[in-house]
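Contents: one structure, followed by commentary.
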Amino acid sequence: MSSDGWSRRRFVGALAGGAGAATLTACDNAPAPTPPTTPAAPEASGSPSREARSPSGPRPLYLGTYTSVDGGGKGVGLATYDAVTGRVTGTGTLAGIGDPSYLAIHPDRRTLYAVNEREDGAVTAVRLSDREVLGSRSTGGAAPCHLSVHPGGRWLLSAAYGSGDVAVHPIESSGALGERTDLVRHSRPAPGPGQQGPHAHQVITSPDGGHVLAVDLGTDTVYTYRLDEKAGTLQEVAQARTRPGAGPRHLTFHPGGRYAYLANEVDNTVAVCAYDPASGRLRVGEPQSTGTGSGTSYPAQILVTANGRYAYLANRGHNSLTRYAVEAEGAKLRLLDTVPVGGDFPRQIAFSPEGTLLFAANQKSGTVTVFQVDERSGALRRAGEPFSSPVAVCALPL
């Protein structure tokens, strides 16, 4: 984001200062879900697997929001969805979690993690069997906006937009978080055009599990680290620069593991990146069109289907989803079309575990739109009317 980054990311003013996340919880009267036993993707943005369990009965859906803004939520939204029709039903709120703007699930599906996107940033763990908040830990940075669980399930990674750093927390056997083991700040290269400092926007693990990659909008750089899985520390091994002023926001890997796709927020482009698993080096390709025309639009998140044939990009401003065909075994994106998202400012998108549904969290309209995904053509079809959810900025379907 440009110099008005925080205000645009919240869209209703500056971040609430100071207070960390509360550790007490107040739940609705809906019963807590039975903990599933089938592994799931470790974060809300993960690519789905059609090997996941077959649709049967209502599925849990967790919704991230901002709690410190006018019209915001009271905590993590609770809902269920029908895996066939996509129909969403609200079941209440998990209160006592401040500004949970991004959510991730542990691989064993027993613990939910949320960022607390505040000046005094923190991350919070919630046990899903009884919805008990297991506590919060400081990230050491300002405005953490993304988090993911390392595939081994022992480490939580988080990215702080406000201060431009990446934190590592150990995950205990109970799912609770230990004290931070590392904090890496993006001090170089210098900020890009229009930026006042680094802005870490995402942190993920490569498909082979060998490297951790952090996307920084402020420095126009994707950083590659090695994670010491015993000590919980990060060692930088490579940097990949975008063109100046691109403002990279979100990266997702092709299932083959040799290519990735980068959404650039500031210059409204996407890029195909070549990835070397051995060294962790990423090479950013030429910028490509988002199909949104000349109007103001900010790409938010890009996903790729589990079969590796299609990719989808959420466009805030144009309020659409761009569909790409993935070609040459992941090396090329071919723009197919854009589809109206049916909401305002689609901040985040996620697949259901089978990949048959796509959820779009629309921040300004306070809605979640659900689409049915055609596996063969990649076509998107609206699955009913959008579901209302205050300041919807993240949807995590399980």
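Evaluated at 37 °C with a viscosity of 0.692 mPa s, what Stokes-Einstein diffusion coefficient in µm²/s does the chain have when Rh comes from the Kirkwood expression over alpha-carbon pairs?
162
Report the one residue of Tyr225, His250, Gly209 whose Cα lies farthest in the direction of the positive end of the charge dipole of the range 208-252 (charges on C-beta: Lys and Arg +1, Asp and Glu -1; origin at the Cα centre).
So the residue furthest toward the plus end is His250.
Please list Asp267, Asp228 from largest to smallest accessible area, probe radius 1.4 Å, with all protein chains kept in place.
The most accessible residue leads, giving Asp228, Asp267.
I'm checking a number: the convex hull volume of the Cα atoms of the range 92-241, normalised per residue, in Å³. What is it?
About 105 Å³ per residue, rounded to a whole number.
Could you look at the chain and say what percent of its accessible area is carbon and sulfur, using a 1.4 Å probe and all protein chains?
Roughly 48 percent of what the probe reaches on the chain is carbon or sulfur.
In terms of modelled amide H atoms, which long-range or inter-chain residues lie less than 5 Å from the amide H of Arg118?
Answer set, sorted by chain and number: Ala143.
Using the Cα centre as the reference, give the magnitude of the dipole from point charges on the C-beta atoms of the chain (Lys, Arg: +1; Asp, Glu: -1; all else neutral), rounded to the nearest 20 debye.
420
Convert each backbone phi in the range 72-81 into a coupling constant with the Karplus relation 6.51 cos²θ - 1.76 cosθ + 1.60 (shift: θ = phi - 60°), then list the ³J(HN,Hα) values in order as whole Hz, x for Gly and Pro.
3J(HN,Hα) across the range 72-81, in whole Hz: x, x, 9, x, 6, x, 10, 7, 10, 9.
Can you spot the lysines whose alpha carbon is less than 17 Å from Lys74's alpha carbon? Ignore those fewer than 8 places along the same chain.
Lys364
Any idea which of Ser320, Thr292, Gly308 is furthest toward the positive side of the dipole for the range 267-324, if Lys and Arg beta-carbons carry +1 and Asp and Glu beta-carbons -1?
My answer, from the dipole projection, is Gly308.
Could you name the aspartates and glutamates in cross-link range of Lys230, using Cα to Cα under 17 Å and dropping any fewer than eight places away on the same chain?
Output for Lys230: Glu172, Glu179, Asp182.
Please work out the average accessible area per residue across the range 263-330, using the 1.4 Å probe convention, and give it in Å².
Here the residues of the range 263-330 average 34 Å² of exposed surface.
Can you give me the distance in nm between label points at Glu385 and Ala331, each placed 7 Å from the Cα along the Cα-to-Cβ direction?
4.9
Using the basic label-point model (7 angstrom from Cα toward the beta carbon), what is the Gln196 to Ser377 distance in nanometres?
It is 4.8 nm.
Among the GluC sites (Glu not before Pro) within the range 166-263, which fall in a DSSP loop and have no more than 14 other Cβ atoms within 10 Å of their own Cβ?
Sites meeting the loop and neighbour criteria: Glu172, Glu179, Glu229.
Which whole-number value in Å² is the accessible area per residue of the range 101-182, probe 1.4 Å?
So the range 101-182 comes to 26 Å² accessible per residue, rounded to a whole number.
Sorted by packing (mean other beta-carbon atoms within 10 Å per residue), highest first, where do 191-203, 274-286 land?
So the order, starting with the most tightly packed, is 191-203, 274-286.
The values are calculated or read from the model by the stated rules, or taken from the named source; none is laboratory data. A quick note: this is a predicted structure, and the numbers were derived from the prediction, not measured. Cβ coordinates were reconstructed from backbone atoms using ideal geometry, including for glycine residues, and neighbour counts include every protein chain displayed. SASA here: full protein model, heavy atoms, side chains in, ligands and nucleic acids out. Shrake-Rupley method; radii C 1.70, N 1.55, O 1.52, S 1.80 Å.
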